[in-house]
Amino acid sequence: MTVLDAPSAIRPGTLGDSVLRPDGTAKVQGSFEFCSDLNAEGCVWGATLRSPHPYARIRSIDVSAAWRVPGVLAVITADDVPGQANYGLIVPDQPVFAADVVRYVGEPIAAVAGDDPEVCRRALAAIEVDYDVLEPLIDAEAALDPNTPAIHPDGNVISSQPVIHGDRDATGDVVVEATYEVGMQDQAFLGLEAALAIPDPGGRGLEVYVATQWMHEDRRQMADCLGLDPESVRLVLGGVGGAFGAREDISLQIHTSLLALRLGRPVRMAYDRAESFLGHVHRHPATMWMRHHATADGQLVKVESRMVFDGGAYASTSEAVLLNAVTQAPGPYRCPNAVIEGHAVRTNHLPCGAMRGFGVVQVCFAHESQMDKLADACGVDPWELRLQNAMHTGDTTITGQVVHNVAPVEECLRATAALPLPDEPVGGHPRADGSADVMKTPGGAGRTTDASDVVRGIGWGVSMKNLMYSAGFDDYSTARCRLADGVVTLKFATVEVGQGFVTLAGQIARSVLGVDDVVLGRIDTQVGSAGSTSASRQTWMSGGAVAAACRAVRDRLFLHVAEQHDVDPGQLEIDGTDVRDEASGWRIPVVDASAGVDIDETVEYRHPATEPLDENGQGDCHVGFVFVAHRAVVDVDPELGLVKVVQIATAQDVGRALNPLSITGQIEGGVAQGLGLAVMEEIIQTDGIIRNGNFTDYLLPTFLDMPDVVATLIEQPDPLAPLGAKGVGEPPTISSTPAIVAAIRDALRQVDGVGRPLDRVPVRPADICLPARASASSTTG
Amino acid sequence: MAVFVATDVESAVQRLDDRPDSVVLAGGTDLMVEVNDGRLRPSPDADVVAVNRVAELRSWRHDSAAATVTIGAAVTYSEMLDEPLATLAPALAEAARTVGSPQIRNAGTLGGNLGTCSPAGDGLPVLAALDASVEIASVAGRRSVAVLDLMKGPKRTTLEPGDLIVSFTLPVVDGWQGYAKVGVRNAMVIAIASTCLVLDRQRQRVGLALGSVGPTVLRVPAAETKFAAALDWRTMTAERDAVQAFGDGAAQTAAPIDDHRSSAEYRRHAIGVLTRRLAARGLDTAGRAA
Ligand SMILES: Cc1cc2nc3c(=O)[nH]c(=O)nc-3n(C[C@H](O)[C@H](O)[C@H](O)COP(=O)(O)OP(=O)(O)OC[C@H]3O[C@@H](n4cnc5c(N)ncnc54)[C@H](O)[C@@H]3O)c2cc1C
């Protein structure tokens, strides 16, 4: 990948420099300590018994045989939960252990501890659960029907949210509509769920090492269920191998802690891949009808939509996911009128919650497909149509919120279009010996396809994504900065999941305080909450907190310097690694200025407040937005329905590029995840039973599926952002998916002048090459 | 349970006979997945008989007089990609290249592929299309069986307890051969449909085998005979209609199922397309070579 904008001269290690990750080498060499590698003196293993049924009443649970397995130390069920029986991020509706009803395949029922994993496996097999198997609710539309029996005391509708804006009766000269579907995607992080719980002597508290996304929220939910004060539950971040939303919810935290407290000795738990598929929430499958109205020349008049998100068995963050979806349904375009109706419902599918793009991924596939349809109906080029409707700073969203952010949608579109198209011909450049490089054609190593079978298409996708938490949530981050003898120590609870805050935090301190040496404290709950590492929020939020803490320290340093050297503190600034008096030009190195001092400041950073939506879905519910454009070039084998994504070109709104290399990583990874959703990644459930919970059948893109990624960063510092920088993690995933599908449609249209609707992702080979939609495989949608 | 590292065929089969529930371990790329998934628990009274140090299983030889190549059961996919073996058995090399990732190709073997006998095993359509034979050893002695007779059903062979696959013998064909496989990813993917085509000029014989579209690998005798008759073996050309009919015949013979990997309808369609494309490649290449 090439980032075309080269940064100018920057002091190494400061903001704008492509500082390398401190853990990069260890991860590449395999020596990085992931949470699953942790161990403690006297530690034993825990394991979880899970439901084989999507919906069943539990008549009885008999654990007596499990106790007889040699080496078993503990067997616990719902009866052994001392605190609250249920947990949940927004509402506590999910049992720690199912007691009377199981609502999805994989729901925890009991946990055991034993000397080793094999003992645990035998003990789990010995637990006898007598089920009365019930008919599962697997149709999200049926879940909305008030006549459908409720599968949970809270009912089958988790959340409903309309957005009515402008003139609801407005109509356009041109109207296009369709129904779109998105399948269930898995976050598929590589470092599986793991925790190590170490009880305090006396058993009134414990320390838990866990790979998570938000330690203080975990602690709150854990303390509630463990019946402990939050202060007695101390979390420490274990090495995290990716998250993408799947670690926002509780998985094994409470189970591991319960076993450790019960035994009075350390317990570790670790999921394998099969259990991981069952043990965390997934991306919501969604069905979205959309109707776009426009003037004859393609100016958007109104967007109507009705969308149903399948939340699976428990609420998780469904309500917030839905809010994102309905409020951003038209995408990054000016849209004066809107009538949107959204529902998130409960079914007996795997629970769904946070995943990179959080509700916007789903609507983006729909709105971008609609923009192409509209372009077609109006006879306008798809790129022109997007340009013509592009949102700008000062425009109003469909919730009536004025976009005060930098909104460079037009710049993203223009800069992406200016990126070179691939120079590779269809089928790729031949290899050195003149033979065809099969890896460059659809079908790859399978040698299915010759260059003559291939048609190349181009497609566009553009998106907007809200940053941070919305709708009145008190969203803040805490950071502590200490300066002593020229060395800065930073302390925060900002979870590092691979996004790079451990790199960025030091860069901020070096820039603000003019130091070179920055030490990061352990990431744990011994400092205030940093909020979640999600919603593209940590650069803004924890970056804001670290910057504010460093500035507070700097101000005190200036007072100290002023006192020592008889200068005006108001005239002091940091210049490189010096404190400099602006008035006289006098300077002193920070290292010398801070000799013998010990300044320590803790700061909470809050973003501007947001408000909940009113009954018509109106209100300033989001903090800010980020934008991106994607252009995909895809080679398609129309007869076999196979594809090879050749190139993704993208211009992304980043505000300010604080670490270009880190952004590059986010762009490439995000594109891979967007490509996965476009053409291969889907959890398939039949009658509520997962069919492909393994990496043999849940296909992730490999290196050979990855296209060349050409990127340019749109740097317009955002006045609302503490460092001028916006979050960059989610945008690459969001509109790369519709761009790839649009490119496939473009290729197919070249074949017969008609093409295919491709109104569902992931697009399967049969959707491309067979007359009717293949009926067999998926039943999730 | 012990791991017995055999160094010759005789000691391996003796051990399998002494400890009847023992399992053979070659590359372990199927076996260990079974173990890790809890589907296979080697019994405490049985052993794991590792065959990776058995020279006879680890080597291959070319008999130019007989025009055959004999490949040991524990030869890896990576080794099948090396010359000169890749030129002697080109379709096998193509199939080997589609297997897994480099790590899997460095460990996985043809013996293990047949031992597992998945209808999606990539080596199996090649062995079937070439009418390969397999040599099997047991304490009772050695015997040679047609690979096609050994494959009974999904993950079922006619191997008896105590049998060890020693090697495969395939003809070195004068003519064209090729393998193609459809999966929903461009590498490291289980086949949802695959075909191997052999055009044997000397014997004027067509061999076509289909993978992932039946309980086990399928041959297509009627369509093969018809296509062989329609082929001009001297110029290596055929009418477009004959190629089309060949593809249709293959698609009709396929007996695919619907599952989470694909619909039966798509699998059948893909077989037709792959058969026609392989035929076109074979005729083109062979024709040019003549
Ligand atoms: C990530 C991954 C990707 C894969 N991709 C593919 C793919 O693309 N295509 C494909 O076809 N397969 C694939 N496989 C499956 C596997 O690699 C192949 O089937 C391989 O050929 C198995 O060979 P092995 O030597 O590893 O067998 P093992 O696992 O050692 O053995 C497999 C079975 O055969 C028996 N066996 C082995 N050798 C003998 C012998 N000499 N005599 C008698 N019985 C024997 C064993 O007892 C066992 O039952 C993949 C596996 C993995 C883990």
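The values are calculated or read from the model by the stated rules, or taken from the named source; none is laboratory data. Note that the structure is predicted; figures quoted are calculated from it, not measured. Counting neighbours? That spans all protein chains shown, and the Cβs are built from the backbone with ideal geometry, glycine included. Keep in mind that these areas ignore ligands, DNA and RNA; they rest on the heavy atoms of the full protein, side chains included. Shrake-Rupley method; radii C 1.70, N 1.55, O 1.52, S 1.80 Å.
Within the range B:118-170, the set of residues being under 22 Å from B:Ala46 (Cα atoms), within 11 Å of the ligand (Cβ to nearest atom) and assigned to a loop (DSSP other than H, G, I, E, B) comprises B:Lys155, B:Leu159, B:Glu160, B:Pro161, B:Gly162, B:Asp163.
Looking only at strands (runs of 3 or more DSSP E) that lie completely in the range A:6-118, which have at least 2 residues being small (Gly, Ala, Ser) and either surrounded by fewer than 21 Cβ atoms within 10 Å (Cβ to Cβ) or over 29 Å from the mean Cα position of the chain (by Cα) (or both)?
A:56-62, A:108-114
The helices (runs of 4 or more DSSP H) found wholly in the range B:48-109 and carrying at least 2 residues that are out of contact with any strand residue (DSSP E or B) (no Cβ under 9 Å at 6 or more places or on another chain) and in the same structural domain as B:Leu124 (by TED's automatic domain parsing) occupy B:77-81, B:85-88, B:102-107. Evaluating B:Asp21 against the criteria (1) open to solvent by less than 10 Å² (accessible area, probe 1.4 Å); (2) farther than 27 Å from B:Ala180 by Cα leaves one unmet condition, (1). What number of residues within the range A:262-277 satisfy the criterion of being in contact with a helix residue (DSSP H, G or I) (Cβ under 8 Å, 6 or more places away or on another chain) and surrounded by 21 or more Cβ atoms within 10 Å (Cβ to Cβ)? Final tally of qualifying residues: 5.
Residue-level analysis places A:Leu713 outside the set of residues that are without any contact (Cβ under 8 Å) to a residue 60 or more places away in the chain and not β-branched (Val, Ile, Thr). For the range A:634-657, indicate whether the set of residues that are within 16 Å of the ligand (Cβ to nearest atom), touching a residue at least 60 places away in the same chain (Cβ under 8 Å) and not in a strand (DSSP E or B) is non-empty. No, the range A:634-657 contains no residue that is within 16 Å of the ligand (Cβ to nearest atom), touching a residue at least 60 places away in the same chain (Cβ under 8 Å) and not in a strand (DSSP E or B).
Return the residues of the range A:683-709 that are more than 16 Å from the ligand (Cβ to nearest atom) and touching a helix residue (DSSP H, G or I) at 6+ places or on another chain (Cβ under 9 Å); say none if nothing qualifies. Hits for the range A:683-709 are A:Ile683, A:Ile690, A:Met706, A:Pro707, A:Val709.
Within the range B:199-210, the residues that satisfy the criterion of being in a strand (DSSP E or B) and either charged (D, E, K, R) or within 16 Å of the ligand (Cβ to nearest atom) (or both) are B:Asp200, B:Arg205, B:Ala209, B:Leu210. All conditions in (1) part of a strand (DSSP E or B); (2) touching a helix residue (DSSP H, G or I) at 6+ places or on another chain (Cβ under 7 Å); (3) surrounded by 17 or more Cβ atoms within 10 Å (Cβ to Cβ); (4) not charged (D, E, K, R) hold for B:Gly27, with the sole exception of (1).
One line per residue, one yes/no per condition, for (1) touching a strand residue (DSSP E or B) at 6+ places or on another chain (Cβ under 9 Å); (2) part of a helix (DSSP H, G or I); (3) open to solvent by 10 Å² or more (accessible area, probe 1.4 Å); (4) modelled with pLDDT under 95:
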| position | (1), (2), (3), (4) |
| --- | --- |
| A:Gly693 | yes, no, yes, no |
| A:Pro701 | yes, no, yes, no |
| A:Ala711 | yes, no, no, no |
| A:Leu720 | yes, no, yes, yes |
| A:Val728 | yes, no, yes, no |
| A:Gln750 | yes, yes, yes, no |
| A:Ser775 | no, no, yes, yes |
| A:Thr780 | yes, no, no, yes |
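Tell me whether the range B:93-102 contains one or more residues that are within 13 Å of the ligand (Cβ to nearest atom), among the β-branched types (Val, Ile, Thr), in contact (Cβ under 8 Å) with a residue 12 or more places away in the chain and crowded, with 18+ Cβ neighbours inside 10 Å. For the range B:93-102, residues within 13 Å of the ligand (Cβ to nearest atom), among the β-branched types (Val, Ile, Thr), in contact (Cβ under 8 Å) with a residue 12 or more places away in the chain and crowded, with 18+ Cβ neighbours inside 10 Å: present.
Tell me, which residue of the range B:30-47 that is within 9 Å of the ligand (Cβ to nearest atom) and in a loop (DSSP other than H, G, I, E, B) is farthest from the other protein chains (Cβ to nearest Cβ)? The qualifying residue farthest from the other protein chains (Cβ to nearest Cβ) is B:Leu40.
Being outside any loop (DSSP other than H, G, I, E, B), within 23 Å of A:Leu677 (Cα to Cα), within 14 Å of chain B (Cβ to nearest Cβ) and open to solvent by less than 50 Å² (accessible area, probe 1.4 Å): is that true of A:Met464 here?
Taking the combined requirement at face value, the residue does not satisfy it.
Looking only at the range B:178-198, which residues are in a strand (DSSP E or B) and either within 12 Å of another protein chain (Cβ to nearest Cβ) or farther than 26 Å from B:Asp232 by Cβ (or both)? Hits for the range B:178-198 are B:Gly178, B:Tyr179, B:Ala180, B:Lys181, B:Val182, B:Ala193, B:Ser194, B:Thr195, B:Cys196, B:Leu197. Report whether or not B:Arg53 is within 14 Å of the ligand (Cβ to nearest atom), more than 14 Å from chain A (Cβ to nearest Cβ) and open to solvent by 40 Å² or more (accessible area, probe 1.4 Å). Spelling it out, B:Arg53 is indeed within 14 Å of the ligand (Cβ to nearest atom), more than 14 Å from chain A (Cβ to nearest Cβ) and open to solvent by 40 Å² or more (accessible area, probe 1.4 Å).
Only one of the listed residues (B:Pro125, B:Pro154) is closer than 30 Å to A:Arg764 by Cβ, within 14 Å of chain A (Cβ to nearest Cβ), out of contact with any Lys or Arg (no Cβ under 7 Å at 6 or more places or on another chain) and of a type outside the set (A, V, I, L, M, F, W, C). That residue is B:Pro125.
Within the range A:352-392, the residues that satisfy the criterion of being more than 30 Å from A:Gly242 (Cα to Cα) and in contact with a His (Cβ under 7 Å, 6 or more places away or on another chain) are A:Gln370, A:Leu374.
For every residue, the table says whether it meets (1) within 19 Å of the chain's Cα centre (by Cα); (2) surrounded by fewer than 18 Cβ atoms within 10 Å (Cβ to Cβ).
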residue	(1), (2)
A:Gly498	yes, no
A:Val512	no, no
A:Trp540	yes, no
A:His565	no, yes
A:Gln571	no, yes
